[in-house]
Amino acid sequence: MKHVSTFFLKIAVFLLGIPILVMCIFLVPEIANTVEQLLPDYPYLKYVVFVLLYGSVIPYYFALYQAFKLLRNIDRNLAFSQLSVRALKQIKYNAVAIMVLHLLVFPLFFIFAELDDAPGVIFVGLFVPVGAMVIAVFAAVLQRLLQEAIAYKEENELTV
């Protein structure tokens, strides 16, 4: 039963990468072109958007890879090991990197909100950084719990 659930989660991790790939191919160039059209006085912002959004994809896929490794550790009965702690630590750092990169793009949302007179655009700009922050906090909590469980397990093995 355990292998079936981890297999399902591995498929889910794989499927999480597909929408981001599609967005990188189709949506990011459109966003960059929109920035160029709305702010013609600042033509370099198009390249800033490209660098920051494509740059945030790298830690995203690395975090997915770490999640896949974590699931593989669970399959191998290594869930309570330092390998799992390291995977959670890397997921946490990658989530923070994604949050920082998207916060660097966030001032553009203020500009768009002022140009279109639509303050709701600002909340759209907060979606990814807040989601990444939630993932980072969750990974940090799991990392701490796992470290305590490993310490407890090693303590019990020494007393037996």
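The values are calculated or read from the model by the stated rules, or taken from the named source; none is laboratory data. These numbers come from a predicted model, not from an experiment. FYI the Cβ positions are ideal-geometry reconstructions off the backbone, even for glycines, and counts take in every protein chain you see. Just the protein is used for accessible areas: all its heavy atoms, side chains included, with ligands, DNA and RNA removed. Shrake-Rupley method; radii C 1.70, N 1.55, O 1.52, S 1.80 Å.
Comparison of Lys92, Lys153 shows that the only residue that is open to solvent by less than 60 Å² (accessible area, probe 1.4 Å) and of a type in the set (D, E, K, R) is Lys92. Close Cβ contacts (under 6 Å, 6 or more residues apart or on different chains) running from residues in segment 139-160 that are over 14 Å from Leu78 (Cα atoms) to residues that are open to solvent by less than 70 Å² (accessible area, probe 1.4 Å) and basic (Lys, Arg) comprise Ala139/Lys92; Ala140/Lys92. Among the residues of segment 23-40, those that are over 27 Å from the mean Cα position of the chain (by Cα) and not aliphatic (A, V, I, L, M) comprise Gln37, Pro40. Once segment 98-120 is narrowed to residues that are open to solvent by less than 40 Å² (accessible area, probe 1.4 Å) and more than 16 Å from the chain's Cα centre (by Cα), the residue that is modelled with the lowest pLDDT is Ala118.
Quick check, is Val85 β-branched (Val, Ile, Thr), in contact with a helix residue (DSSP H, G or I) (Cβ under 9 Å, 6 or more places away or on another chain) and closer than 17 Å to Leu142 by Cβ? Yes; evaluated as a whole, the condition is true for this residue.
Against the conditions (1) part of a helix (DSSP H, G or I); (2) under 26 Å from Phe138 (Cβ atoms); (3) open to solvent by 50 Å² or more (accessible area, probe 1.4 Å); (4) in contact (Cβ under 8 Å) with a residue 12 or more places away in the chain, Phe80 satisfies every one except (1).
Considering Lys89, Lys10, Lys46, Lys69, the condition of being assigned to a helix (DSSP H, G or I) and more than 19 Å from the chain's Cα centre (by Cα) is satisfied by Lys46 alone. Across segment 121-147, the number of residues qualifying as among the hydrophobic types (A, V, I, L, M, F, W, C), over 18 Å from Val49 (Cβ atoms) and more than 15 Å from the chain's Cα centre (by Cα) comes to 5.
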